[in-house]
There are 4 protein chains.
Amino acid sequence: MEAIHSYSEKASLIIKECELVLKSIDPQSVEQLLDEIEKADKVFVVGVGRVLLSLQAIAKRLNHLDIKAYCVGQIDEPPISEKDLLLVGSSSGETIIPVSIARKAHELCARIGYMGASPDSTVRKIADFYVQIPTRRSNDSSAVIISQQPMTTLFEQVLLLFGDAITLMLMERKGLKEKDVLLKHANLE
Amino acid sequence: MEAIHSYSEKASLIIKECELVLKSIDPQSVEQLLDEIEKADKVFVVGVGRVLLSLQAIAKRLNHLDIKAYCVGQIDEPPISEKDLLLVGSSSGETIIPVSIARKAHELCARIGYMGASPDSTVRKIADFYVQIPTRRSNDSSAVIISQQPMTTLFEQVLLLFGDAITLMLMERKGLKEKDVLLKHANLE
Amino acid sequence: MEAIHSYSEKASLIIKECELVLKSIDPQSVEQLLDEIEKADKVFVVGVGRVLLSLQAIAKRLNHLDIKAYCVGQIDEPPISEKDLLLVGSSSGETIIPVSIARKAHELCARIGYMGASPDSTVRKIADFYVQIPTRRSNDSSAVIISQQPMTTLFEQVLLLFGDAITLMLMERKGLKEKDVLLKHANLE
Amino acid sequence: MEAIHSYSEKASLIIKECELVLKSIDPQSVEQLLDEIEKADKVFVVGVGRVLLSLQAIAKRLNHLDIKAYCVGQIDEPPISEKDLLLVGSSSGETIIPVSIARKAHELCARIGYMGASPDSTVRKIADFYVQIPTRRSNDSSAVIISQQPMTTLFEQVLLLFGDAITLMLMERKGLKEKDVLLKHANLE
């Protein structure tokens, strides 16, 4: 039956692509990211479009873990300092706003981490460290897969799942259980 | 000349309406609001549409004064408790989301302040205190003016200006100068 | 080596949970959802927290497919009518804002679809149709898995991936290629 | 009585500052802005912080007048073209994101209008036309006032009020009454 085939085919394709990319992220780079997050006074995230949505999901969860995390532009955004960390999410590493904000953060002596797909990008060059999420769809050698999803969909998906993987790791590092995390969760909803 | 007349006429009308309403707010109710804000551990604001934008402007400035202020729904929204204050902005006091959230905050024993135009409204009944911004455009007796601007435009305008008036008052109360306020201002922009 | 083990263990766990839930969604309910989306003049989405982020990602992509989709509360939100569709995302189906907005949309005679985990919930009762995303973590019989991730993380993940599965299906239905989708993509970034 | 004196003093100061600046905007520049808005297929706005909030209020109202207006970064942001107008709000005309986006829009051949306080700024140089909102607080000759409010508060206030003045003018130009405007107003609230 066509309909059933169609949905289950898409679901399988998405899971397969996500699995391949998520598992190809270098665990050493993940450990470095966790060290940097734990060392920082505050964490800022910047990105655009659906990438920003995945970053917001990460920032929301970091706050639940009692790590102060802000999206650049949000209402209560504080100033960044040399004790803080800016995480830039961008597949290409060339998007205008992330590049501009990374440059500014660099001038202000903040630490900068790049979560992206482009080892030769402008953001990568500004960043202090790099977590490669190898989803580039062009035929560059760093991509582990040619995604069949449009635009940077696969990057956005993996970024969300990756954020939740590091959440689990941070919970273990900090000895937090779900009940601890719930203490920080919004209750006006 | 028509064009010049037209703009200057609109500018005058808006200023006149804002002045009349802003000056008719009861100063005692303003002092109570300031006391409540200073007493609160955290301040939350809730509203919809353009009213929400004015509330966000207020929340942003409160953070600059080192008062923790959050918009309901924002990424790093913490739980509300009985030591916190929810400020509800709503001209009618009947808008669905503000009413629902005020009820929930009341269950959670938070203090609730209503900034609005409707003394007989549902939100007013839930609230612990009330700052009347008398802009209702119907012929109810509490309105000081029949606005010539569409919908709740005048309410939204006065709410922004009112928020900036209390900012100046809070700066005086706390002995803050502009240079102190700037210390909390975002610098990634 | 502990570090490597830790990340790869989390990545596997997340992929496994997502796969199990994503593949357990009833394809007939997905086809109905697609029919409703295609039939609607406009699509609205409502949710809170990280669920809202997944819904925003869906709304963004629907716009790329030339389907007008709005998040409740966004700047250019138009009125809803009986020709429109409201999609409510909520694991519990009891969250205040989604419930209130679903009730209001029902009064305004809009079609309502529920994407959630709770067949007996308030939202389910208001909705015209239902896509079950069976992630409830309690021991109710409808859940296909007891997630090891905190709160409704799994629901949020699957909702994003599900949205991208229906994007692929809608592209096929409409005969759209990636180049067509790109025509609607923001370019100020 | 101190309390009453204090609030009423602040209210008067704010109204006086807003009046002085709002009335000093060149009506010819306002007419040009209206012509450009009416000529454009779509209007985009860009800014940061509280300036962005005032721009969002403007965009929201333009949509009520059946003028398609988008904030850069919003969920359903379409691509900009040479038939569209970008309105940049920035007191200094040097803020990173507005400058970057204005440059990009210029490359894409969109019309660009600058609403700001800085005739010699980078944004002014990129823009096709300029509405001066003369609120600079430095001792440059173009400012009509040295504001006693912190940072760019006065600019943000006047921008909101100015947006509502042009709304009234556009309603007259288009022959729209309040009931027409209400037809476009969100009703899920």
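A short reminder: the numbers here are calculations on the coordinates, not readings from a lab. From a predicted model like this one, the values you see are computed outputs, not experimental measurements. Neighbour counts run over all protein chains shown; Cβ positions are idealised from the backbone, glycine included.
In terms of other Cβ atoms within 10 Å, A:GLU178, A:GLU172, C:GLU189 run from fewest to most in the order A:GLU172, A:GLU178, C:GLU189.
Return the Rg/Rh value of the stretch A:2-182, two decimal places, where both radii are evaluated on C-alpha atoms and Rh is the Kirkwood radius.
0.98
Put simply, the amide H of B:VAL131, placed in the peptide plane, has neighbours under 5 Å in B:TYR114, B:MET115, B:GLY116, leaving out anything fewer than 5 places away on its chain.
For Cα pairs less than 8 Å apart in space and 6+ apart in sequence, what is the mean separation divided by the residue count of the stretch D:36-177, i.e. the relative contact order in percent? All intermediate terms of the calculation are to be shown ahead of the outcome.
Values: 250 pairs, mean separation 31.1, N = 142.
It rounds to 22 percent for the stretch D:36-177.
Listed by chain and number, the aspartates and glutamates whose C-alpha is less than 15 Å from the C-alpha of C:LYS39, apart from same-chain residues fewer than 8 away, are C:GLU31, C:ASP66, C:GLU82, C:ASP84, C:ASP128.
Can you give the extra length, in nm with one decimal, that the chain gains between A:LEU183 and A:VAL144 once fully stretched, where that is 0.36 nm per residue apart less the Cα-Cα distance? Kindly include the intermediate steps, with their values, before the conclusion.
Details: separation 39, 0.36 × 39 = 14.04 nm, distance 3.92 nm.
Separation in residues times 0.36 nm, less the Cα-Cα distance, equals 10.1 nm.
Inter-chain neighbour count for D:35-43: the average number of beta-carbon atoms from partner chains within 10 Å of each residue's beta-carbon is 0. Distances between placed amide hydrogens fall under 5 Å for B:LEU188 paired with A:ILE80, all partners being 5 or more residues away or on another chain.
In the protein assembly as shown, inverting the average of 1/r over every pair of distinct C-alpha atoms gives 26.6 Å as the Kirkwood radius. Computed with the Debye formula from one identical point scatterer per Cα of the stretch A:18-76, without solvent, the log10 of I(q)/I(0) at q = 0.14, 0.18, 0.24 Å⁻¹ comes to -0.46, -0.74, -1.11.
Ranked by Cβ crowding within 10 angstrom, fewest neighbours first, how are B:LYS174, C:LYS177 ordered? Mind dumping the intermediate values first?
Working: B:LYS174 13, C:LYS177 9.
The order, fewest Cβ neighbours first, is C:LYS177, B:LYS174.
Peptide A:60-68 has a mean shielding of 3, counted as Cβ atoms of other protein chains within 10 Å of each residue's Cβ.
Centre-to-centre, using Cα atoms only, the stretch C:25-70 and the stretch C:95-168 are separated by 12 Å. What ³J(HN,Hα) values, in whole Hz, does the Karplus curve 6.51 cos²θ - 1.76 cosθ + 1.60 give for the stretch C:75-92 when θ = phi - 60°, with x put for Gly and Pro? Per residue, the Karplus-derived 3J(HN,Hα) values read 3, 9, 5, x, x, 8, 9, 6, 8, 9, 10, 9, 9, 9, x, 6, 4, 7 Hz.
Of the GluC sites (Glu not before Pro) in the stretch B:1-87, which ones lie in a loop per DSSP and count no more than 12 other C-beta atoms within 10 Å? Don't skip to the end; give the middle numbers.
Numbers: sites: B:GLU2, B:GLU9, B:GLU17, B:GLU19, B:GLU31, B:GLU36, B:GLU38, B:GLU82; in loops: B:GLU82.
In loop regions of the stretch B:1-87 (DSSP not H, G, I, E or B), the sparsely surrounded GluC sites (Glu not before Pro) are B:GLU82.
Note on B:LYS16: lysines with a C-alpha under 29 Å away, same-chain residues under 8 apart excluded, are B:LYS60, D:LYS10, D:LYS16, D:LYS23, D:LYS60, D:LYS174, D:LYS177, D:LYS179, D:LYS184. For D:CYS71, the residues 5 or more places off, or on other chains, whose built amide H falls under 5 Å of its own are D:VAL45.
Computed 3J(HN,Hα) for the stretch D:117-122, one whole-Hz value per residue from the Karplus formula 6.51 cos²θ - 1.76 cosθ + 1.60 where θ = phi - 60°, is 10, 10, x, 9, 7, 4, glycine and proline marked x.
Remark: spin-label model distance B:LYS174-C:CYS109 equals 5.2 nm, labels positioned 7 Å along the Cα→Cβ axis.
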